[in-house]
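Structure first, then comments.
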Amino acid sequence: MTELLDQAGATPQTGSSRTHQLFIAGEWVDSCSGETFESLNPADRRDVVGRFQAGNAADVAMAVKAAEMALPRWKATPAPKRGEILYRFGQLMADHKERLSRAMTCEMGKVVAEARGDVQEGIDIAFLMAGEGRRMFGDTVPSELPDKWAMSIRQPIGIAGIITPWNFPMAIPCWKMMPALVTGNTVVFKPASDTPHCATLLVELMAEAGFPPGTVNLVTGGGAEVGDAIVESPDVQVISFTGHTSTGKRIWERAAKRLKRVSLELGGKNAVVVLRDADLDLATDGILWSAFGTTGQRCTACSRVIVERPVVEPLLEKLEARARKLRLGSGLDESTDVGPLINPAAVEKVGSYIDIGRTEGELVLGGGSATEGDLAHGNFFAPTIFSGVKPMDRIAQEEIFGPVLSVVPVDDYAAAVTAVNQVRYGLSSSVFTRDVNLAFRAMRDFETGIVYVNAGTTGAEVHLPFGGWKETGNGHREAGHAALDTFTEWKAIYVDFSGRLQRAQIDNQEPG
Ligand code: NDP
């Protein structure tokens, strides 16, 4: 195991074109396809992070079989004992935090301070869910009949298909796999093709932590091959997916034919509202961190600042001055503020929104890819700000997933609420104000799964539910104890110790 980690952490550039394998039934194996693909460092595409198996439907079938074989024993393992393995996994992640973080920066590009945060989220959810092994609360309630006991318990669903994006390549798989496993399900995990190394490192540690063979299976490869096969498999009873809204919709349609449980965490178009009484310096800090952190590639990234007109100019001045100073570069350099975008296609997509934005608002800063000096071989894009954007403009409506911020002036609080809510997504929102009444109104009025007061749109903690309204999802939540709902069936149990037949709703009614 440490060989992989040593490689990942030893040098700033991984420089290794080592070929990695799938993990099925506790063994590292090649794909049936005989094909591999490369993962590249987005800060320098000449740097090959590694080669990975291009898995296919036959690999998925083997992984599902392994998960099926492992299920009876894992299900029968007492939940506190399952939890102990999660604790060990969390501790291993903590022991290897720095190496995991640097490996993540090499493959995904986020600056290493943020990569450490990503790993920390994985550790936090492992420990939280390990504790669920001793909680996993159901209800014990009085019965309406005498000498009768009534309670509910959670039970595992079966095999969980876990399909994840590249932007939180360790946190998101952990958010999904930890609750799935502690509740007694087994897992087939397909990571994004841009970050297979991060997934491999995680699964290495899971094996070392003691998850029994077949409990966790890793199949790398394309969405159309591996993802489809997981979704279509009749033996995978629950799918937990994070990614684009369009991909999520397709998955849900296909899974619906088999009545599978499907949890979807999808796109966002998150807004910070700045009211006229706000602390503008604090708001500037929050907006910059939310808009340009992770190069705007967080599902909770702020891409709209909705501002009351009297403070548009002073806020814009502060934003522009600060954003202009942000340093682009390799995320391994601790002085870098903004790392690369994930791949050249992302640079192209963000660039296409700049063309749209020029017709809708005024370009204040940035507006193009950054290729000077050391940036030439990476997927860098300059932090970009548009002003004078209207709420229904495309750049204020569509998820760009890059370092592009639109400033949307509005007349008052009511107009701000309308603008916040007038999008197809509903993940995260925030308000900067010193007026406690307006703060409480915003908490009530914003149609998002997460609301921040006097903070940016990012920074969720793992013990509260995470997810969004509208086209950000389908009503499920990750993290917190809400995450257990995705991976468990409820069972209501009645025990009658009266020694006679007692009919609910009949024998306890007074004769009329
Ligand atoms: P994608 O939808 O492109 O991919 C997500 C995952 O789905 C990848 O593993 C991908 O595989 C796989 N996939 C692609 N096609 C299929 C298919 N037909 N069947 C099954 N699986 C498939 O999203 P990104 O990875 O680009 O992630 C960015 C998106 O994720 C953004 O929209 C962002 O907002 C959202 N997101 C939402 C979060 C939330 O909690 N709401 C959190 C984080 C991100 P492959 O990589 O091989 O194509």
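No value in this document is a laboratory result; all are computed from the given coordinates. Note that this is a predicted model, so its numbers are computed, not measured. Every residue, glycine among them, receives a Cβ derived from its backbone with ideal geometry; neighbour counts consider all protein chains shown.
Which of rounded, prolate or oblate describes the range 270-453 when judged by the alpha-carbon gyration tensor and an a/c cut-off of 1.5? Prolate. Would you be so kind as to identify all helices of the chain, as entire DSSP H runs, whose Cα atoms reach 15 Å or more along the helix's own axis and whose mean Kyte-Doolittle hydropathy is at least -0.5? Helices meeting the span and hydropathy rule in the chain are 57-76, 79-95, 112-132, 171-182, 196-209, 280-292, 312-324, 344-360. Sorted ascending by nearby beta carbons within 10 Å, beginning with the fewest, Lys81, Lys470, Lys110 become Lys81, Lys470, Lys110.
Only Cα pairs under 8 Å and 6+ residues apart enter the sum, and on that basis the relative contact order of the chain stands at 18 percent.
Among 319-330, 152-163, 390-401, the peptide with the highest mean count of other Cβ atoms within 10 Å heads the list, and the full ranking is 152-163, 390-401, 319-330. Restricting the chymotrypsin sites (Phe, Trp or Tyr not before Pro) of the range 429-512 to loop positions (DSSP other than H, G, I, E, B) with no more than 13 neighbouring Cβ atoms within 10 Å leaves Phe497. The relative contact order of the range 270-453 comes to 28 percent, based on Cα pairs under 8 Å that sit 6 or more residues apart. Sorted ascending by nearby beta carbons within 10 Å, beginning with the fewest, Phe211, Phe137 become Phe137, Phe211. When the square roots of the Cα gyration tensor eigenvalues are ordered a ≥ b ≥ c, the ratio a/c for the chain is 1.5 or more and a/b does not exceed b/c, which makes its shape oblate.
Taking a Cβ cut-off of under 15 Å around Ser233, the surrounding Lys, Arg, Asp and Glu residues balance to a net charge of +1, with basic ones at +1 and acidic ones at -1.
Computed per residue of the chain from DSSP H runs no shorter than four, each worth -39500 (n - 2.57), the mean residue ellipticity at 222 nm is -11500 deg cm²/dmol.
For the set Lys269/Lys470; Lys110/Lys470; Lys269/Lys390; Lys257/Lys491, the pairs lying more than 18 angstrom apart at their alpha carbons are Lys110/Lys470; Lys257/Lys491.
Remark: spin-label model distance Ala504-Glu372 equals 7.1 nm, labels positioned 7 Å along the Cα→Cβ axis.
About its Cα centre, the dipole of the range 37-139 is roughly 340 debye, where the only charges are +1 on Lys and Arg Cβ and -1 on Asp and Glu Cβ.
Gap in Å between the Cα centre of the range 475-506 and the Cα centre of the range 114-153? The distance from the Cα centre of the range 114-153 to that of the range 475-506 comes to 14 Å. Of all DSSP-defined beta bridges confined to the range 270-453, some 15% are antiparallel rather than parallel.
Placing +1 on each Lys and Arg Cβ and -1 on each Asp and Glu Cβ, with no other charges, gives the range 276-372 a dipole about its Cα centre of roughly 180 debye.
A simple spin-label model places the labels of Lys325 and Glu348 3.7 nm from each other, with each point 7 Å out along Cα-to-Cβ. Taking each residue as 0.36 nm, the span from Arg254 to Lys491 lengthens on full extension beyond its C-alpha to C-alpha distance by 82.6 nm. For a straight C-alpha distance cut-off of 15 angstrom, the aspartates and glutamates reachable from Lys318 (same-chain residues fewer than eight places away being disregarded) are Asp279, Asp281, Asp285.
Dividing the convex hull volume of the alpha-carbon atoms in the range 347-447 by its residue count gives 118 Å³ per residue. Protection proxy ranking for 502-510, 360-368, using the average of other Cβ atoms within 10 Å per residue and placing the highest first: 360-368, 502-510. Remark: the chain carries a charge dipole of roughly 940 debye about the Cα centre, counting +1 on each Lys and Arg Cβ and -1 on each Asp and Glu Cβ.
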